[in-house]
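The values are calculated or read from the model by the stated rules, or taken from the named source; none is laboratory data. Note that the coordinates shown come from a computational prediction; the quantities given were computed from them, not determined experimentally. As a convention, Cβ positions derive from the backbone with ideal geometry for all residues, glycine included, and neighbour counts pool all protein chains shown. What goes into the accessible areas is simple: the full protein's heavy atoms, side chains included, and nothing from ligands, DNA or RNA. Shrake-Rupley method; radii C 1.70, N 1.55, O 1.52, S 1.80 Å.
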Amino acid sequence: MAETDKEFRVLKNAICSAFAEVRFPGNRPEDIVEISTPSESERLAPLFAGKKWEDWVDNPIGMFAPHPFCGGLMFLTPEAFRYYLPILLLACT
């Protein structure tokens, strides 16, 4: 096994463990997106609603495909940002 594969598994396990107790923010748009403009809420809330980051650990990029969220992270509520941060970290590895 390549050393980088082992390092990735260690990192993946550390991320999953660190965020294991973070609660799901909810499915309502106001649970997910800070209400800045209705258009942002309508665009971003469906990308996250009903999605649990734990279900996407083996394919973190797939959670956001085919709709890239780009700069939408700044519109997440603090609770949603905290909840989805682990999958974003995994997508960057």
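Which numbered condition trips up Arg82, out of (1) modelled with pLDDT under 90; (2) part of a helix (DSSP H, G or I); (3) open to solvent by 70 Å² or more (accessible area, probe 1.4 Å)?
(1)
State which residue is modelled with the lowest pLDDT when the search covers only the range 16-71 and only residues that are among the charged types (D, E, K, R) and surrounded by 15 or more Cβ atoms within 10 Å (Cβ to Cβ).
Restricting to residues being among the charged types (D, E, K, R) and surrounded by 15 or more Cβ atoms within 10 Å (Cβ to Cβ), the top hit is Glu40.
So how many residues does the range 10-35 have that are part of a loop (DSSP other than H, G, I, E, B) and closer than 14 Å to Pro78 by Cα?
Total meeting the criteria: 7.
Does Leu76 satisfy the condition of being modelled with pLDDT under 85 and either open to solvent by 80 Å² or more (accessible area, probe 1.4 Å) or over 19 Å from Ala14 (Cβ atoms) (or both)?
It is false that Leu76 is modelled with pLDDT under 85 and either open to solvent by 80 Å² or more (accessible area, probe 1.4 Å) or over 19 Å from Ala14 (Cβ atoms) (or both).
Just give me the residues in the range 36-50 being under 27 Å from Thr93 (Cβ atoms) and part of a helix (DSSP H, G or I), in sequence order.
Arg43, Leu44, Ala45, Pro46, Leu47, Phe48
Filter the range 32-56 down to the residues that are of a type outside the set (Ser, Thr, Tyr) and more than 14 Å from the chain's Cα centre (by Cα), then identify the one that is farthest from Ile87 (Cα to Cα).
Once the filter is applied, the top-ranked residue is Pro38.
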